[in-house]
Amino acid sequence: MERVIVGEMSNYLLSIDAISKHQHGFVTKRSTTTNLLETLNDWTLSIDNRLTQTVVYVDFARAFDSVPPNFK
């Protein structure tokens, strides 16, 4: 049942453009691998067109350690 609901919600949100085309996590047929491939393509195009590229990486992993387990 959960799978059906998730599928219907995903289809609906994609149909109304509520999920960005740049979203890769938790989207069917997209992953960190597709994100990296798209990023590499963007960087290559920038280099080929002699444009500058700014990249920022943010690691939120430690942020979740600060949330108490009984937080409601």
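Remarks
- Whole-angstrom Cα spans of segment 2-66 along principal axes, big to small: 47, 36, 19
- Residue-span extension gain [LEU51 to ASP17] - 0.36 nm each, minus C-alpha spacing: 9.3 nm
- Relative to the longest principal axis of the Cα atoms of the chain, the long axis of helix 2-15 lies at roughly 40 degrees.
- Rounded to the nearest 20, the size of the Cβ-charge dipole of the chain about its Cα centre is 80 debye, with Lys and Arg at +1 and Asp and Glu at -1.
- Backbone geometry of segment 38-54 corresponds, through the Karplus equation with coefficients 6.51, -1.76 and 1.60 at θ = phi - 60°, to 3J(HN,Hα) couplings of 5, 5, 4, 4, 4, 5, 4, 4, 5, 5, 4, 9, 6, 9, 8, 9, 10 Hz, x marking Gly and Pro.
- Taking ASP48, ASP17, ASP59 as the candidate residues, the one with maximal mean-square fluctuation in a Gaussian network model of the chain, Cα springs under 10 Å, is ASP59.
- Burial ordering of ARG30, ARG3, fewest other beta-carbon atoms within 10 Å first: ARG3, ARG30
- In terms of other Cβ atoms within 10 Å, LYS29, LYS21 run from fewest to most in the order LYS29, LYS21.
Taken together, the values in this text are just the output of simple stated rules run on the coordinates, not laboratory data. In this text, all values refer to a predicted model and were calculated from it rather than measured experimentally. Note that each Cβ is placed from the backbone with ideal geometry, even for glycine, and that neighbours are counted across all protein chains shown.
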